[in-house]
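Written below as structure tokens is the structure these notes are about.
The values are calculated or read from the model by the stated rules, or taken from the named source; none is laboratory data. Every value quoted in this text rests on a predicted model; they were computed, and no experiment measured them. Heads up, the Cβs are rebuilt from the backbone with ideal geometry, glycines too, and the neighbour counts pull from every protein chain shown.
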Amino acid sequence: MNDILGGANGASRILVIDDDPTVAEVVAGYLTRAGHRVDRAADGAEGLALARSAPPDLLVLDLMLPGLDGLEVLRRLRACAEGAGLPVVLLTAKGDEADRILGLELGADDYVTKPFSPRELVLRVQSVLRRARAGSTSSGGGLLRSGDIALDPKARRAQRGECELSLTLREFDLLAFLLRHPGTVFSRQDLMRRVWGWDFGDLSTVTVHVRRLREKIEDDPAAPALITTVWGVGYRYDPAGGAAA
């Protein structure tokens, strides 16, 4: 088990927000054994204050919280500078598909459905952390441009014209991938494997992230001209003003 949970990815500081003390204790224990430092909060208001005052490397967030629920915590985090790019993994109940989709639309990077395997949660957390660390330490092949969109993988910054784009970890990675492969159609399974690094998972995750990205880079998200849908196949990035460089 230590081979699976070992902190090969290096220690990160993780904030767990869950009102169930048993779940929080188990999650914190497994993450600690994986080599991470863990802080805990028992409700949304406390967790939001901690995340704002001392932003962690990643947040594990239960959706069903007393008072300030998980969706509202996520909504408020994404609206402030400290939480705009914070990687978030949701804990959701099995039947709460609508809330899970809404969580993804608000910018969550991944989710685990209760009841869950703690080892699966650790692997999901480490996958998200790997993507964040890879993005912050690699040059990523230099500046990417397409029309009025400019993306700097090394600085993790993206702009459209003079306006900086507020992108989550997954949105940034998805845009970078599409800019590097203009004119090529990718299925949702392809994108999940090559952007998320997963060989399996809920494909609605990809759908939601494509929709969110369209809302940020398209003139008319309802009639997208950049990220187009190829019916029955997947998605294709069609460069604006020439090929991406």
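Acidic (Asp, Glu), surrounded by 15 or more Cβ atoms within 10 Å (Cβ to Cβ) and over 23 Å from Gly103 (Cβ atoms): is that true of Asp148 in this structure? Answer is no for this residue. Being under 22 Å from Ser127 (Cβ atoms) and over 12 Å from the mean Cα position of the chain (by Cα) is the filter here; which residues of the stretch 48-72 pass it? Within the stretch 48-72, Ala51, Pro55, Pro56, Asp57, Leu61, Asp62, Leu63, Gly70 meet the criteria.
In the set (1) at positive phi; (2) buried (at least 17 other Cβ atoms within 10 Å of the Cβ), Gly232 fails one condition alone, (2). Scanning the stretch 189-211 for residues that are surrounded by 19 or more Cβ atoms within 10 Å (Cβ to Cβ) and not hydrophobic (A, V, I, L, M, F, W, C), we see that the one that is modelled with the lowest pLDDT is Thr205.
Screening Leu175 on (1) in a loop (DSSP other than H, G, I, E, B); (2) in contact with a strand residue (DSSP E or B) (Cβ under 7 Å, 6 or more places away or on another chain); (3) on the phi < 0 side of the Ramachandran plot; (4) not β-branched (Val, Ile, Thr) shows it passes everything except condition (1). Quick check: anything in the stretch 218-226 at pLDDT below 95 and not in a loop (DSSP other than H, G, I, E, B)? Scanning the stretch 218-226 turns up no residue that is at pLDDT below 95 and not in a loop (DSSP other than H, G, I, E, B).
Given the criteria polar (S, T, N, Q) and either within 24 Å of Val206 (Cα to Cα) or touching a strand residue (DSSP E or B) at 6+ places or on another chain (Cβ under 7 Å) (or both), does Ser53 qualify?
Numbers: polar (S, T, N, Q): yes; either within 24 Å of Val206 (Cα to Cα) or touching a strand residue (DSSP E or B) at 6+ places or on another chain (Cβ under 7 Å) (or both): no.
Spelling it out, it is not the case that Ser53 is polar (S, T, N, Q) and either within 24 Å of Val206 (Cα to Cα) or touching a strand residue (DSSP E or B) at 6+ places or on another chain (Cβ under 7 Å) (or both).
Restricting attention to the stretch 83-114, which residues are at pLDDT below 80 and among the acidic types (Asp, Glu)? Passing the criteria: Asp96, Glu97.
For the stretch 151-182, taking the residues that are in contact (Cβ under 8 Å) with a residue 60 or more places away in the chain and of a type in the set (S, T, N, Q), the one that is farthest from Gln126 (Cα to Cα) is identified as Ser166.
Restricting the first member to the stretch 24-38 and to residues that are over 13 Å from Leu58 (Cβ atoms), and the second to residues that are in a helix (DSSP H, G or I) and β-branched (Val, Ile, Thr), the beta-carbon pairs closer than 9 Å and six or more apart or on different chains are Tyr30/Val122; Arg33/Val122. Once the stretch 180-196 is narrowed to residues that are of a type in the set (A, V, I, L, M) and within 16 Å of Arg211 (Cα to Cα), the residue that is farthest from the chain's Cα centre (by Cα) is Leu191.
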